[in-house]
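Peer 1: Handing you this structure, nothing more for now.
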Number of protein chains: 2
Amino acid sequence: MKEEKSFVKEITPQSEDFSRWYIDVIRKADLMDYTPVRGCIVFKPDGYELWERIQAGLDKRFKETGHRNAYFPMLIPESFFQKEKEHVEGFNPELPWVTEAGGEKLEERLALRPTSETIIGHMYAQWIQSYRDLPVLINQWANVFRWEKRTLPFLRTSEFLWQEGHTAHATEEEAREETMRMLEVYRDFVETEMAIPLYVGQKTPSEKFAGAVDTYSIEAMMKDGKALQAGTSHYLGQNFAKGFEIKFLDRDNQLKYVHTTSWGVSTRLIGALIMVHGDDRGLALPPRLAPIQVIMIPVGPPKFRDKVMARFDPLFDALKAAGVRVKADLREETPGWKFNEWEMRGVPLRIEIGPRDVDNKQCLMVRRDTGEKIPVPLDEAVERVQALLEEIQRNMFVKAKEFRDAHSHLHINTLAELKAHIARCEETGEIAGFVLAGWCGDAACEAKVKEETKFTSRNIPFHPPARKQVCLCCGKEAQHTVWFARAY
Amino acid sequence: MKEEKSFVKEITPQSEDFSRWYIDVIRKADLMDYTPVRGCIVFKPDGYELWERIQAGLDKRFKETGHRNAYFPMLIPESFFQKEKEHVEGFNPELPWVTEAGGEKLEERLALRPTSETIIGHMYAQWIQSYRDLPVLINQWANVFRWEKRTLPFLRTSEFLWQEGHTAHATEEEAREETMRMLEVYRDFVETEMAIPLYVGQKTPSEKFAGAVDTYSIEAMMKDGKALQAGTSHYLGQNFAKGFEIKFLDRDNQLKYVHTTSWGVSTRLIGALIMVHGDDRGLALPPRLAPIQVIMIPVGPPKFRDKVMARFDPLFDALKAAGVRVKADLREETPGWKFNEWEMRGVPLRIEIGPRDVDNKQCLMVRRDTGEKIPVPLDEAVERVQALLEEIQRNMFVKAKEFRDAHSHLHINTLAELKAHIARCEETGEIAGFVLAGWCGDAACEAKVKEETKFTSRNIPFHPPARKQVCLCCGKEAQHTVWFARAY
């Protein structure tokens, strides 16, 4: 028990300091490490494996929707950024530059890609000549760079990993369909596999991607009530097509600019996973994404170990054969230490077998999500594991959705009410969460809300739980119903 | 027929100009494109997919041998390179440098990684304290940079993709075992999956990795007789451990330096694949690696199309269900055009079905490796495809090995003989190939051979087909039997 207590103490409670809790958990669970390179982290094996599972799930979906992977140069000539005005303004302040190479000063500086619309636009202009070359549906898995002033592991680092889809189409309609299709791929993956409930909608003009006509996003609520933009899909119109002269001869023999899209998610998703499901005991991973779904631990005095292992090993093999990602912890530590360790690492289900379990032909299953302890006959164990993993997956989504809905505020209608809400939350320690509010469409109102409350518009949801009539800020008629929140 | 001829003409014959053949094939097969970024290429979907299949095959083997993936920063502080003397001398001339970021000049230049021993060494020093922390078995999939003067797509580009394994061990013995284990993983993968026969051995000191104690390599012979180093595995001794202070408290309570290894293969393997198996018709891909294993093409007049498709579709479905990577080409092009197209793209097996085949309840299978045409009863088709794919895989390896052995010269014993051999080959247009020769162990002899013939030592094979008694260059007693060749 002593061990157990001191162990748990190493993680700051969420209620005490959420930011410290987050850092404690990712360090303790060995997901990352800091490096001497400013703002860059190491993705350690347990952190990187989460990314590998995210990659596998998304890559499958990208291929099923007709996309293929490719790889473009990481270094982008400075002149390329000049070709799309908003794009250069948006990204220029954050770029690292290569100015020397092979012992010589370069004639033109090369940026480390922050995103690849420019270099890919340049290549598409060579590849696309005719309507028969369209659509082009390409995705890239890559490292990207944004020299951020304030960094936070997984959420905002100078270098991060992501995928970026870049497609070109003959018509606006097709390109808009693609934009929506990939937004839906993201929603499906994040809700189904990561058990993270999302608000899906359109970004306001001031929050859209630099160079996009329209940006759509999936937004998740972290356990501190702050928003995390978990993925974006952009309809770029003909902006990049015009900047890079991507033209095609259409069926009607007219030379036309293509319509392009881009869409991306990044290693931010690891941060979202932790902040949506984690608790004071550490990580909690949804079964579909968890690298280890079941941890098996033998318990009881060493003298009974042979007796226990005679049941333990066959169950381990049976689970493995059934396709369950199972691991056995046979190290020489106390069971209590191991229980804590694997709870902290977020393994969804634990199975204990001790000598009395063997006598009773059973094992004990312990759920990470509820803590519930369930004795299960050994001959039903495989079946029950599969059912429980599904149940845990479902329950984690439901719990996260209940939390989100409980902190999504629908009855705040004025800036004064919003300020009062925030002040009250700060006083009581409550979570301010998301606020659904009307907006007149004027960027000045949005900016004022941000300045006075740090709440930013998250998105204009496709399916708002209510329709707002007046602008939160100016009181004029609302053009849109918008989610506002503080955001990572 | 006219189409067919003009089509084939677009690829320069290997015998006419191997370098032009190579460029023709990779362009025509749409594997890559040049970019405006010096020495950097685009890996287009058909090229990148080869890399994805290489990645999948290797990643599985790395995990089976206990390794896990991680990701380290791409930017490496200049001071890190200074910590291992040979390493900095080896890589410094090739580095691109970031000197500005986020609008400011950096205090210390950051290199784009050419390889990650330094940054990983720095991190391992934090992570490793005790013998219980060992071994550390980590691999990284990443982009790397070497600002090469002369570039060649896939073989030598300023940016390329690779994997780099980095392991740390308590003892020299364990580290040397790891070095050999990963060399064998490479050999097994490249010979079994890529059907490329290899000479496996140790690099001479002058050809080893900058900072290694010993470097081992797998060397393949391209169809022009030149060598391609297809992968390397390094025993680094305590060189990096001392440079980065990677120490551990051993069981005997002594503080010791770890022993490290590193090992890597890169997108060069794509180049090897093309140059070992390709011919004047284009690519030829071994079935195990081929993204498309079987291409199905309906033939005969359009009026019989329904009749043909009634047999075509079920066979397609049956092959798919059997796990064969099959694609149907139903485009409105002539069968002849399609035959050429898919031969050029290297698909190992073609299946044609026409109206007469339907009458005879058969289909026609055509092998890419031999051109052999095999009528097969439809109800045996799936089984025959599986057998043929295995047979093609085997045959491609055998053919490549026969070619290599035929151009591996065992009876050249002096520098004069080597020069005469080269002169004769240049005169007759024969392939100079590999030459097995004795070497006294003196770097000066090796350098002289290189200077006078451009033949470099490839490796000291573990299993030489003969033992040489005297040094090729000085005639003194040979310490080693070495493969010499011109190399990419």
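The values are calculated or read from the model by the stated rules, or taken from the named source; none is laboratory data. This one's a predicted model, so the numbers in the text were calculated from it and none came from an experiment. Every residue, glycine as well, gets a Cβ built from its backbone with ideal geometry; the counts of neighbours run over all protein chains shown. Side chains included, ligands, DNA and RNA excluded: accessible areas come from the protein's heavy atoms. Shrake-Rupley method; radii C 1.70, N 1.55, O 1.52, S 1.80 Å.
Peer 1: Please give the helix A:415-428 orientation as an angle from the longest Cα principal axis of chain A, in degrees from 0 to 90, rounded to the nearest 10.
Peer 2: 30
Peer 1: Charges at C-beta only: +1 for Lys and Arg, -1 for Asp and Glu. How large is the resulting dipole of the protein assembly as shown about its Cα centre, in Debye rounded to 20?
Peer 2: On the way: 136 positive and 148 negative charges, 79 e Å.
Around 380 debye, computed over the protein assembly as shown.
Peer 1: May I ask for the Kirkwood hydrodynamic radius of segment A:1-142, worked out over all distinct Cα pairs and given in angstroms to one decimal?
Peer 2: On the way: mean 1/r = 0.0513 Å⁻¹.
Here the Kirkwood hydrodynamic radius works out to 19.5 Å.
Peer 1: Follow-up question, since we're still on this one. If we count every other residue with Cβ under 9 angstrom of B:Y257's Cβ, Lys/Arg +1 and Asp/Glu -1, where does the sum land? All intermediate terms of the calculation are to be shown ahead of the outcome.
Peer 2: Working: positive: B:K242, B:K247, B:K256; negative: B:E245.
My count for the surroundings of B:Y257 gives +2.
Peer 1: Here is a follow-up. In segment A:210-258, which trypsin sites (Lys or Arg not before Pro) fall in coil by DSSP and have 11 or fewer other Cβ atoms within 10 Å? Each step should come with its number before you reach the end.
Peer 2: Values: sites: A:K223, A:K226, A:K242, A:K247, A:R251, A:K256; in loops: A:K223, A:K226, A:R251.
When the trypsin sites (Lys or Arg not before Pro) of segment A:210-258 are filtered for loop state and at most 11 Cβ neighbours within 10 Å, A:R251 remain.
Peer 1: A follow-up question, please. For A:K256, list the aspartates and glutamates whose Cα falls under 16 Å from its own Cα; do not include residues on the same chain fewer than 8 positions away.
Peer 2: A:D133, A:E172, A:E173, A:E174, A:E245
Peer 1: To continue, here is another question. Okay, helix-only estimate at 222 nm for chain B: each DSSP H run of n ≥ 4 adds -39500 (n - 2.57), divide by all residues, round to 500 deg cm²/dmol; what do you get?
Peer 2: Values: 15 runs with 181 residues, N = 488.
Computed mean residue ellipticity for chain B: -11500 deg cm²/dmol.
Peer 1: Here's a follow-up. What average number of partner chain Cβ atoms lie no more than 10 Å from the Cβ of the residues making up B:108-118? Don't skip to the end; give the middle numbers.
Peer 2: Working: counts 3, 2, 6, 2, 7, 0, 0, 0, 0, 0, 0.
That average works out to 2.
Peer 1: Report Rg(Cα)/(2.2 N^0.38 Å) for segment A:294-389, keeping two decimals.
Peer 2: Numbers: Rg = 12.1 Å, N = 96, 2.2 N^0.38 = 12.5 Å.
Against the compact-globule rule of thumb, the ratio is 0.97.
Peer 1: Would you list the P(r) distribution for the protein assembly as shown, with all Cα-Cα distances sorted into 10 Å bins from 0 and each bin expressed as a whole %?
Peer 2: 2, 10, 17, 22, 21, 16, 9, 3, 1, 0
Peer 1: Between the helical axis of A:172-192 and the dominant principal axis of chain A, each derived from Cα atoms, what acute angle in degrees is found, rounded to the nearest 10?
Peer 2: Roughly 20 degrees between the two axes.
Peer 1: Counting partner chain Cβ atoms within 10 Å of every residue's Cβ in B:131-140, what's the average? Please report the intermediate quantities before stating the final value.
Peer 2: Working: counts 0, 0, 0, 0, 0, 1, 1, 4, 1, 3.
Per residue, the average neighbour count from other chains is 1.
Peer 1: According to the Cα gyration tensor, what semi-axes, each the square root of 5 times an eigenvalue, does the equivalent ellipsoid of chain B have, listed from largest to smallest in whole Å?
Peer 2: Working: eigenvalues 384, 161, 97 Å².
So the equivalent ellipsoid measures 44, 28, 22 Å along its semi-axes.
Peer 1: Sticking with this structure for a sec: Inverting the mean 1/r over all pairs of different Cα atoms, compute the Kirkwood radius of segment B:130-257 and quote it in Å.
Peer 2: Values: mean 1/r = 0.0605 Å⁻¹.
After inverting the pairwise mean of 1/r, the radius is 16.5 Å.
Peer 1: Averaged across B:76-83, how many Cβ atoms of other chains sit within 10 Å of each residue's Cβ atom?
Peer 2: Values: counts 3, 4, 0, 1, 2, 0, 0, 0.
Partner-chain Cβ atoms within 10 Å, mean over residues of B:76-83: 1.
Peer 1: Once you have the Kirkwood Rh of segment B:8-277 from its Cα pairs, apply Stokes-Einstein at 10 °C and 1.306 mPa s and quote D in µm²/s. Could the numbers behind the result be given before it?
Peer 2: Numbers: Rh = 19.7 Å.
Rounded to a whole number, D works out at 81 µm²/s.
Peer 1: Evaluate E = 1/(1 + (r/R0)^6) for A:L152 and B:E100, where r is the Cβ-Cβ distance and R0 equals 25 Å; express this FRET efficiency to the nearest 0.05.
Peer 2: Values: r = 24 Å, r/R0 = 0.95.
Once rounded, the FRET efficiency stands at 0.60.
Peer 1: Something else about it: At 7 Å along the Cα-to-beta-carbon direction for both A:E383 and A:A406, put a label point, then send me their distance in nm to one decimal.
Peer 2: The answer from the label model is 3.5 nm.
Peer 1: Right, something else. Give the long-range amide H neighbours of A:R458: residues separated by 5 or more places, or on another chain, with amide H under 5 Å away, using H modelled in the peptide plane at 1.01 Å from N.
Peer 2: Here A:W483, A:F484, A:A485 satisfy the definition.
Peer 1: Still on this structure: State, as an integer percentage, the relative contact order of chain A based on alpha-carbon contacts under 8 Å between residues 6 or more apart. Numbers along the way, then the final one.
Peer 2: On the way: 962 pairs, mean separation 67.9, N = 488.
Computed over chain A, the figure is 14 percent.
Peer 1: Which distances in nm, rounded to one decimal and ordered from shortest, link the label point of A:R467 to the equivalent label points in the other identical copies, with labels set 7 Å from Cα toward Cβ?
Peer 2: 9.2
Peer 1: Another question, then. As a test, work out the antiparallel percent of DSSP beta bridges whose residues both lie in segment B:408-485, rounded to the nearest 5. Provide the component values of the computation, followed by the final result.
Peer 2: Working: 9 of 12 bridges.
Rounded to the nearest five, the antiparallel share is 75 percent.
Peer 1: Relative contact order, percent, of segment B:294-389 when contacts are C-alpha pairs under 8 Å separated by at least 6 residues?
Peer 2: Details: 133 pairs, mean separation 30.2, N = 96.
It comes to 31 percent, rounded to a whole number.
Peer 1: Once the Cα atoms of helix A:381-406 and of chain A are each reduced to a long axis, what angle between those two axes, in degrees from 0 to 90 to the nearest 10, is obtained?
Peer 2: For A:381-406 against chain A, the angle is about 50 degrees.
Peer 1: Mind listing the Cα extents of segment B:408-485 along all three principal axes, in Å, largest one first?
Peer 2: Principal extents (largest minus smallest coordinate, Cα): 33, 25, 17 Å.
Peer 1: Just to confirm my numbers, what's the Cα centroid distance between segment A:426-482 and segment A:213-277 in Å?
Peer 2: Rounded to whole Å, the Cα centres lie 23 Å apart.
Peer 1: Using a Förster distance of 22 Å, how high is the FRET efficiency between B:E477 and B:A443, based on the Cβ-Cβ distance and rounded to 0.05?
Peer 2: Numbers: r = 17 Å, r/R0 = 0.75.
That gives a FRET efficiency of 0.85.
Peer 1: Continuing with this model, one more query. Order of B:85-95, A:417-427, A:139-149 by packing, highest average Cβ count within 10 Å first?
Peer 2: Details: B:85-95: 17.2, A:417-427: 14.4, A:139-149: 19.5.
Output ranking for B:85-95, A:417-427, A:139-149: A:139-149, B:85-95, A:417-427.
Peer 1: Another question, if that's okay. With every protein chain kept in place and ligands, DNA and RNA left out, what is the accessible area per residue of chain A? Probe 1.4 Å, answer in Å². All intermediate terms of the calculation are to be shown ahead of the outcome.
Peer 2: On the way: 20030 Å² over 488 residues.
It amounts to 41 Å² per residue over chain A.
Peer 1: Would you mind counting up the charge near B:L106? Only other residues with Cβ under 11 Å from its Cβ, with Lys and Arg at +1 and Asp and Glu at -1. Please report the intermediate quantities before stating the final value.
Peer 2: Working: positive: A:R38, B:K105, B:R109; negative: B:E78, B:E100, B:E104, B:E107, B:E108.
In short, -2.
Peer 1: Below 14 angstrom from the Cβ of A:F397, what's the summed charge of the other residues (Lys, Arg +1; Asp, Glu -1)? Present the calculation step by step, with values, prior to reporting the outcome.
Peer 2: On the way: positive: A:R187, A:R288, A:R394, A:K399, A:K401, A:R404; negative: A:D188, A:E191, A:E193, A:D369, A:E390, A:E391, A:E402, A:D405.
For residues surrounding A:F397, the net value is -2.
Peer 1: Now a separate question. Show log10 I(q)/I(0) for segment A:204-344 at q = 0.16 Å⁻¹, two decimals, from a solvent-free Debye sum over equal Cα scatterers.
Peer 2: Debye curve over Cα of segment A:204-344, log10 I(q)/I(0) at q = 0.16 Å⁻¹: -0.95.
Peer 1: If you don't mind, another one. Within segment B:259-298, what residues put their amide N at less than 14 Å from the label point 7 Å along the Cα-to-Cβ vector of B:D30?
Peer 2: Only B:292 fall inside the zone, counting backbone N under 14 Å.
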